[in-house]
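The values are calculated or read from the model by the stated rules, or taken from the named source; none is laboratory data. Note that the coordinates shown come from a computational prediction; the quantities given were computed from them, not determined experimentally. Cβ: placed from backbone, ideal geometry, glycine included. Neighbour counts: every protein chain shown. Accessible surface areas use protein heavy atoms only, side chains included; no ligands, DNA or RNA. Shrake-Rupley method; radii C 1.70, N 1.55, O 1.52, S 1.80 Å.
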Amino acid sequence: MQLEKLLHSQGFGTRKECRALVRNGWLEINGQVVEDPFLDVNPEGFRYTVDDEPFVYREKAYLMLHKPSDYECSQKPKHHRSIYTLLPDYLQNREVQCVGRLDEDTTGLILITDDGHFIHRMSSPKHKVPKVYEVTAKHPLDQSQIEQLLAGVMLHDDNELVVADRCELVSEQVLLLTLTQGKYHQVKRMLAAVGNRVERLKRVAIGQLALPAKLEPGEWCWLEDEDLVKLGMKQA
Ligand code: URA
């Protein structure tokens, strides 16, 4: 693949902008400036730097973000900033989208990609991908509330029972709740249905993939092969 085309595919701008980027000496391969935008390279595992920042070619972009509170999962947010402003331009140019949404006051793990198949696979009800939420409740949680959540509760304005797959009490007011459905405000509505209320909500895992402790709110990182295995998107 020609360098100009490769850089364009990775979100570095239009073909013309990528050509100029190379001609202006911003691109290095193996520590050497390369100024020919039409140089043919094998994209598989191709490593390069742009303005001294190292990159490897990725046919599709898969990443995780630690969503902070007071950000919206929308390209056109209404009250807060968009989570997409937390990403560098080259990812925004790839028109990445998040897999499902978290409320503006919910924090934690969110997956982002430019692969429509991945979005469908991770969000389709058929695949029942478990999502684990750390719920801080306003009132102490009792055994009867846990039993109701596990047995299934009827949400206000809904006619279908929603069930928690797992419910693990961490402390009097903190619960790890695992869901495989994805209804609007589901956790908040489930807690309301058992007479409690969500004070704080954080998504801590999707499938076998846990939010890494070192990923601070507002930070993102690429999903590596082992992460895609944990999400059931790649063979081990
Ligand atoms: N359930 C909610 O109520 N809010 C979220 O952000 C995610 C799940």
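Worth pointing out:
- Against the criterion of being within 16 Å of the ligand (Cβ to nearest atom), touching a residue at least 12 places away in the same chain (Cβ under 8 Å) and open to solvent by less than 20 Å² (accessible area, probe 1.4 Å), Val132 does not qualify.
- If you check Pro68, Pro54 for being closer than 25 Å to Leu215 by Cβ and in contact with a Pro (Cβ under 8 Å, 6 or more places away or on another chain), only one passes: Pro68.
- Residue in the range 54-65 that is surrounded by fewer than 17 Cβ atoms within 10 Å (Cβ to Cβ) and among the aliphatic types (A, V, I, L, M) present: yes
- Of residues in the range 85-102 being within 16 Å of the ligand (Cβ to nearest atom) and assigned to a loop (DSSP other than H, G, I, E, B), the one most open to solvent (accessible area, probe 1.4 Å): Arg101
- Of everything in the range 174-216 that is of a type in the set (Gly, Ala, Ser) and within 12 Å of the ligand (Cβ to nearest atom), the residue that is modelled with the lowest pLDDT is Gly182.
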